[in-house]
Structures are given as structure tokens and as C-alpha cells.
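Novice: Next up is a structure, given as C-alpha cells.
The values are calculated or read from the model by the stated rules, or taken from the named source; none is laboratory data. This structure is a prediction, so every number in the text was calculated from the model and none was measured. Glycine also receives a Cβ, built like all others from the backbone with ideal geometry; neighbour counts cover every protein chain displayed.
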Amino acid sequence: MEERLNMNDNTAAVQIPVASEPPASPAPIKVWLVDDDDGFRTLLAGLLAKQQGIVCPRHFNSPDAVLSALASETGPDVLLMDIQMRNQNGLDAIRPIKSLARSTRVLMLTTFYDSFRHSRAIEEGASGFLLKRWELHELVEHIRKPDASGVGCPRRRRTRPQVQPQGGGAAPCANRPAHAKWWGRLPLLRGILH
């Protein structure tokens, strides 16, 4: 706060406080998404954009597409990338991404936890390993962490054993209608789609 002195000829000096400009709010965290599932990618981008302090201006369907963008523009603060995308592997793209955007934190976002892939992601330069089954607030918490050390350590959750159909029949989920996307069952979308 700045102070000015009131100096009139007939009065003593009086200090009058003058309000300074409010402190600037921090710049929003810019997040890019890389996932080959168009529906999931678009939905997650929209959900993240609704979070205070996060913008999600770009999303890509492959590692090649994001590398092409990084070659010509400044990278984001955080890049969320799937591991398995059709015939490409997100793990193979971490080093090239980091060479083009050193300050970008790469967070792997995948469906299943695999300790080998987790270790490899960290070795390649990823800042964390997140699971798509996490709730939105958990993903946002990791996106906002300025220091990503220890990010993505999996939590143990009870899972139901997988039941194999007898007699070579189709798996139980094979009869699910096409519109029932797998990501519609994610906790991150709980209360939004249902």
C-alpha cells in the first residue's frame, strides 16, 4: 500500500493511505491432452476447462500430432498423455516431447496400472503416472502440483475378480451396446453422465 502526504499550508502533514492495484492472480495452468479416444479426450478437456485456474486449449489424438505442434509453438505447463494409442505408444514420445518443451510436466494418464510402464515413464522423463479411474478432483490435484515428485503412486483398491465365460462364449461386456463407452463408468464422471 502506498502512502501520500497531505501538505496544506495551514495543516500538519497527514498520511492518507492510497489503495494499490490488487495482486495479479496467477496465470492459469495450460493443459494439453493426448489420447486417441475422441469422446474421452473431448469430455475430459471440457471438464478440466471448468476447473478454476486450468485452461485446456489443445488436445491431440496422437503423439505425432502433439510433437508437430510443439515444434512450432510454446508447450503447455502440463501435458496429459495416454500410453497406448492405436499403433503408437505414449511412453516412446516422452523424451522427444521433453526435448522440445523442457519445462512441460508430462503426466501419463492410463486405464490400467502397470509397474513396468510406471517405472519406464519416470525413467523417460514423465513427472507422474495417473489413472483414468481416479475422480476428477484427484486428477486436478496432480495437475496443480508444482513439484510432481511422487505423483501417481497407485493406491490399492479392491477389485472384483474377472469372470471368464464358460464354453468359449463371448465375454459379458461384449453384449454392451456401442454407446456404452468404457469411460462412462469412470468415477471422474460420476454424477455427470448418470
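Novice: Can you tell me which of (1) more than 17 Å from the chain's Cα centre (by Cα); (2) within 23 Å of A27 (Cα to Cα) is the one L136 doesn't meet?
Specialist: With (1) more than 17 Å from the chain's Cα centre (by Cα); (2) within 23 Å of A27 (Cα to Cα) applied to L136, the lone miss is (1).
Novice: Working only within region 21-50, note down all residues that are aliphatic (A, V, I, L, M) and either surrounded by 10 or more Cβ atoms within 10 Å (Cβ to Cβ) or under 12 Å from the mean Cα position of the chain (by Cα) (or both). Lay out the reasoning, then the answer.
Specialist: Just the residues of region 21-50 that are aliphatic (A, V, I, L, M), to begin with: 24, 27, 29, 31, 33-34, 43-45, 47-49.
I29, V31, L33, V34, L43, L44, A45, L47, L48, A49 - these are the residues of region 21-50 that are aliphatic (A, V, I, L, M) and either surrounded by 10 or more Cβ atoms within 10 Å (Cβ to Cβ) or under 12 Å from the mean Cα position of the chain (by Cα) (or both).
Novice: Look at region 75-95 and say how many of its residues are assigned to a loop (DSSP other than H, G, I, E, B) and within 22 Å of H142 (Cα to Cα). Before the answer, list the steps.
Specialist: Going residue by residue through region 75-95, those that are assigned to a loop (DSSP other than H, G, I, E, B) are 75-77, 82-83, 86-87.
Next, from what is left, pick out any that are within 22 Å of H142 (Cα to Cα): 75-77, 82-83.
Total meeting the criteria: 5.
Novice: May I pose another question? Among the residues of region 96-115, count how many are modelled with pLDDT under 95 and part of a helix (DSSP H, G or I).
Specialist: Number of matching residues: 1.
Novice: For N6, which of the numbered conditions (1) out of contact with any Gly (no Cβ under 8 Å at 6 or more places or on another chain); (2) modelled with pLDDT of 95 or more fails to hold?
Specialist: Every condition holds for N6 apart from (2).
Novice: Now, a different point. Pairs needed: first member in region 40-65, touching a residue at least 24 places away in the same chain (Cβ under 8 Å); second member anywhere, of a type in the set (S, T, N, Q); C-beta distance under 6 Å; at least 6 residues apart or different chains.
Specialist: Listed by first residue and then by second, the contacts come to S62/Q88; P63/Q88.
Novice: With the structure loaded, tell me whether V106 is surrounded by 21 or more Cβ atoms within 10 Å (Cβ to Cβ) and either under 29 Å from P26 (Cβ atoms) or basic (K, R) (or both) or whether it fails that test. Steps first, please.
Specialist: Numbers: surrounded by 21 or more Cβ atoms within 10 Å (Cβ to Cβ): yes; either under 29 Å from P26 (Cβ atoms) or basic (K, R) (or both): yes.
Yes; evaluated as a whole, the condition is true for this residue.
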